[in-house]
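The values are calculated or read from the model by the stated rules, or taken from the named source; none is laboratory data. It should be emphasised that the depicted structure is a prediction, and the values quoted were computed from it without experimental measurement. Using ideal geometry, Cβ is built from the backbone for each residue, glycine included, and neighbour counts are taken over all protein chains shown. Accessible surface is based on the protein model in full, side chains and every heavy atom, while ligands, DNA and RNA are left aside. Shrake-Rupley method; radii C 1.70, N 1.55, O 1.52, S 1.80 Å.
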Amino acid sequence: MHLLGIALLAQLAAPARQTLPVLEFPEPGLDDSAVYQGYQTRFLRDAARNTVQTYLDGRDGRVVNLWADSENESIGFTARDTRGHPVQLSWASAGATMDRTSRTRIVEYQLTADASRVAVGWFLLGSMRVERDFQYAKRHLTPFSAPRYTLPELDRLVAALEQLDPAERRRHLTLVGAPDLPTLRSRLRPTISTRRSATSWVLRVVQPSLDGRDTLALELRTDPRRVVAARVGDSISLRARSGKRVPFTVRIATTAKPLTPLARDEIFNPEFLRFLDAARTAGDANAGAPDSAARRARRLERQVRGVELLSSKEKLMAGLPTYATYFGRDMMMTALMMRPIWRDEMSSFVVASVLRKLGPAGDVSHEEALGGQAVRESASEYAGLVDSYARAAKLANRAAADSLLSRARAVLRDMRRTRENYHMIDDEFQLPVLTARWLGDADVSAERKRAFLFDTADFGEPRLARLVRELALVSRMTAAYAADQIASNLVSFPPRDSVTWSSASWRDSGVGYAGGRYAMDINAIWAPHALESIGIILSELRALGIAADSLARTMPGLAPGTPLGTLARDSLALRAAVVAWQGASRHFVVRLSPADVRARVAARIDAMPPAERNYWTRLVASTKADQDSLVFLAIALDGAGRPIGVANTDPATGLFLGEIGGGSSVAGSAVADDVLRDVRLFVRPYPVGLLIAEVGPVVANDAYAPPSVWQAFVRDPYHGPRVVWGREVNLFLLGVSGRVAAASPIGGAPTSSDAARSAYVGELRTAIQRVRSAVEASGFHSELWSYEVSNGRVVPARYGTSADVQLWSTTDLVVQFTLSRLSQ
């Protein structure tokens, strides 16, 4: 056993402090346990107040402990009965006990298995990304006797080391703190051992990091007077001596570096905290009433705690359990939506976090790879470099071989360095929008803005230099269409193969954009807003006394003749670019006559399974939803610039961001017509529009697309017609609320325009209520959820891989805050 593991396990004395869960799902009185289908989860704070989540998945018997710390760690195992079926597990302790000794943090809790005989196996200790890939590959469902799960990247690293001559190999092994190859190999897989006393039988699983600097450990403990336990290969068997249930204790430990959590008063502004206190007071006064203010107060408090669980001074995490890491897009979208209720320091914190991780060309990091995932990616890079070195050495190309070997040593030396993923596009356009809204905030002093822009603590260069690189990148990406408004000049996804394109925006599943090349959300929404925001940022810089010409001497992105340099010096060119991009939505418009709607919806329904076909046929006939024409913005254009007929929720982002130039939607204007077009799609019943009663607006409707798209969404439903996304619901409600506020009636004697305005506002308020009612009836306010057609009705259901606590889903807090103000 690794020495650090021995030391760590020696510290696993009985932990000292009892802690109750911060959150628990499903929660009686707030959640319908049936829709969770046997899934249970708890969130706790460890001795360093870092988030620890444990979930019990009754569908497959998997237990996963997420440690949302600096390494994004996980510790998992699977429990089965004698027939190999998942065992139902339940909590046998009210919470958990915590301890912290030197570097080690320890968590202990009790479980009970609902079976007299239990087999436990598939112990996996490492990064949560490893656990995610393990489950995606369905390895947790295979027999415990199957070969051990290994990471091919680490096996390749060891194979690469074996290619080196002994002296060079020793130098490389020293970089990972290993005296020899057998020691390094021993770190690739956990060490499993057992021990027994008269009162305790213990399974120990110890997993050191590849460089030996940190260790994860798991113990499963039983009382041999109550349970007969034995090791069977890499699994164990547990048998109750009496009764039909097996109790056991789980103890986990880590030596990884903790994060520094933020408290709610560091996150939320005083106005929102007063709103929260008022809701709590109203809830206490109505605690006994059904569907009362008490339920609303509990939900608000749960979401506030969720934000706290995700927030630290180091980062905001995207979601638990699967995405306990930095996600640029998720942070920026959340910061934009939360501005009314967050302290303004949170906006600058998010902007600084994104700037810190910018790529050399100014591109925004989508996701970071931490801990075990960073090691996997480093191992793959290292193995590739050593393979190339071997080829160069064989060709006697000494200069190339020496260079490759030097690079390989550098990778190995810093193999746990956080790695960034830059393959998304939408986040490039989101950063200018968020930055402009913070810099343009009159409540933030000029001194703070200057101090922020010229801060060099994180980079060795001013934040402003990094910001200029990002603005220059956006300016280059948008220059072609600004000059010539043809579809082929729109911002394109990178190709996936010869006929489809990578989904490099928020719908990042394989079929998210229906294989399209030009995404509507990027081109019709984000690009024009980003260009407008560049103008705001340049204006704010001038107001701070920062001239483009002075910056251009050290920031080449602002040089005369560059796209950004031109926009900075020519206000007419900037305005022309914004106007050009405002018109980009015309490429995505789909117009269908009533006959087209009926034919396409009927064809889509005919392709559904019998139960769904029968249900939707009856619903369309009863609602007559297919009797009118339909206009919507397609999800994307194909490679030839033709709209792909997938109706979608992305216009909610446009509703939320508001009008270019700060204009308002006035009844009877072209702007109001576009608003109503987008709003009506949301509330028109699916499968014609998007709204499913008692579920919510589905994220896409593929009825107007080719059958190949239908089939693709059936295979991969993550962003398809079977899913509602909380993010999209909240964007819609905030966006429509903003349009209602902007179109508030004016005083004086009523006129015909006032009547039109009143009808317009009334339709928007009705849309808000219909979407809210559907979502409230679903019981979900999470990352995403789904539905099933059962016994002739639609039933909401938990989506299998959804986050229990998700950053941009907690924006329901600002929805509730905004709607409370709107109703006053």
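To the nearest 20 debye, what is the magnitude of the charge dipole of the stretch 703-824 about its Cα centre, counting +1 on the Cβ of each Lys and Arg and -1 on the Cβ of each Asp and Glu? Before the final figure, lay out each step's value.
On the way: 11 positive and 9 negative charges, 36 e Å.
Result for the stretch 703-824 is approximately 180 debye, rounded to the nearest 20.
Computed over neighbours whose Cβ is under 11 Å from that of Thr254, the net charge equals -1, Lys and Arg +1, Asp and Glu -1.
Note on the stretch 40-67 and the stretch 599-643: Cα centroid distance 40 Å, given to the nearest whole angstrom. Toward the positive end of the charge dipole of the stretch 564-722, with +1 on the Cβ of Lys and Arg and -1 on the Cβ of Asp and Glu, the farthest Cα among Ala611, Trp581, Ala670 is that of Ala611.
Out of the total accessible area of the chain (probe 1.4 Å, heavy atoms of protein only), what percent is carbon and sulfur? Kindly include the intermediate steps, with their values, before the conclusion.
Values: 16560 of 31570 Å².
Heavy-atom surface of the chain belonging to carbon and sulfur, 1.4 Å probe: 52 percent.
Compared with the dominant principal axis of the Cα atoms in the chain, helix 527-543 is inclined by about 90°. A 1.4 Å probe run over the stretch 284-403, with the rest of the protein chains in place, finds 33 Å² accessible per residue.
Only loop residues by DSSP count here, and only those with at most 11 other Cβ atoms within 10 Å; note down the trypsin sites (Lys or Arg not before Pro) in the stretch 259-350 that meet that.
Sites meeting the loop and neighbour criteria: Lys313.
Note on Ser197 and Ala670: the extension gain reaches 162.3 nm, defined as 0.36 nm multiplied by sequence separation minus the Cα-Cα distance. Our coupling estimate for the stretch 509-518, obtained by passing each phi through the Karplus curve with A = 6.51, B = -1.76, C = 1.60 and θ = phi - 60°, is 7, x, 9, x, 10, 6, x, x, 9, 10 Hz, Gly and Pro reported as x. The peptide list 161-171, 119-129, 495-505, put in order of mean Cβ contacts within 10 Å with the highest first, becomes 119-129, 495-505, 161-171. Remark: the stretch 52-67, residue by residue, has Karplus-estimated 3J(HN,Hα) of 10, 10, 10, 10, 10, 9, x, 6, 9, x, 8, 10, 10, 10, 9, 10 Hz, where x stands for each Gly or Pro and the curve is 6.51 cos²θ - 1.76 cosθ + 1.60 at θ = phi - 60°.
For the stretch 614-712, the set of trypsin sites (Lys or Arg not before Pro) satisfying both a DSSP loop assignment and a count of at most 14 other C-beta atoms within 10 Å is given as Lys624. Across the chain, the mean sequence separation of Cα contacts (distance under 8 Å, 6 or more residues apart), normalised by length, yields a relative contact order of 10 percent.
Treating cross-link reach as a plain straight distance, find the aspartates and glutamates whose alpha-carbon is under 19 Å from the alpha-carbon of Lys394, omitting any fewer than eight places away in the same chain. Within the straight-line cut-off, Lys394 pairs with Glu162, Asp165, Glu168, Asp402.
Whole number please: convex hull volume per residue, Cα atoms of the stretch 21-148, in Å³.
On the way: hull volume 16.1 nm³, N = 128.
Taking only Cα atoms, the stretch 21-148 has a hull volume of 126 Å³ per residue.
Summary of packing: across the peptides 460-467, 472-479, the per-residue average of other C-beta atoms within 10 Å ranks them, highest first, as 472-479, 460-467.
Taking Cα atoms only, the orientation of helix 610-623 departs from the longest principal axis of the chain by about 30 degrees. For Lys138, the aspartates and glutamates whose Cα comes closer than 15 Å to its Cα, not counting residues fewer than 8 places off in the same chain, are Asp57, Asp60.
Solvent-accessible area per residue for the stretch 55-135 at a 1.4 Å probe radius, Å²? Could you put the intermediate results ahead of the total?
On the way: 2290 Å² over 81 residues.
I get 28 Å² per residue for this part.
Taking the helices alone, the chain has a mean residue ellipticity at 222 nm of -13000 deg cm²/dmol, built from -39,500 (n - 2.57) per DSSP H run of at least 4 residues and averaged over all its residues.
First select every other residue whose beta carbon is under 15 angstrom from the beta carbon of Asp402; then total the charges, Lys and Arg +1, Asp and Glu -1. Before the final figure, lay out each step's value.
Working: positive: Arg171, Arg391, Lys394, Arg398, Arg407, Arg409; negative: Asp165, Glu168.
Around Asp402, the charge tally is +4.
Placing dummy labels 7 Å off each Cα toward the beta-carbon, the span from Ser539 to Thr766 is 3.7 nm. Here is the list for the stretch 522-570: trypsin sites (Lys or Arg not before Pro) lying in DSSP coil, each with at most 10 other C-beta atoms within 10 angstrom of its C-beta, are Arg553.
Please give the contour-minus-distance gain from Arg189 to Glu788: 0.36 nm per residue of separation, less the Cα-Cα distance, rounded to one decimal in nm.
On the way: separation 599, 0.36 × 599 = 215.64 nm, distance 4.03 nm.
Gain in length upon complete extension: 211.6 nm.
Tell me the angle of helix 293-310 to the major Cα principal axis of the chain, expressed in degrees between 0 and 90 and rounded to the nearest ten. The angle comes out at about 60 degrees.
Dipole magnitude of the stretch 169-290 about its Cα centre, charges +1 at Lys/Arg Cβ and -1 at Asp/Glu Cβ only, in debye to the nearest 20? Before the final figure, lay out the partial values.
Numbers: 23 positive and 11 negative charges, 238 e Å.
With Lys and Arg at +1 and Asp and Glu at -1, about 1140 debye.
Rounded to the nearest 20 debye, what is the charge dipole size of the stretch 387-532 about its Cα centre when +1 sits on each Lys and Arg Cβ and -1 on each Asp and Glu Cβ? Write down the numbers at each step before the final one.
Values: 20 positive and 19 negative charges, 176 e Å.
It comes to approximately 840 debye.
If you take the beta carbon distance between Ala576 and Lys313 as r and set R0 to 51 Å, what does 1/(1 + (r/R0)^6) give as a FRET efficiency, to the nearest 0.05? Taking R0 as 51 Å, the efficiency between Ala576 and Lys313 is 0.75.
Excluding ligands, DNA and RNA, the accessible surface per residue across the stretch 485-643 is 43 Å² with a 1.4 Å probe. Taking a sphere under 10 Å around the Cβ of Ala48 and counting the other residues whose Cβ falls inside, with K and R at +1 and D and E at -1, yields a net charge of +3.
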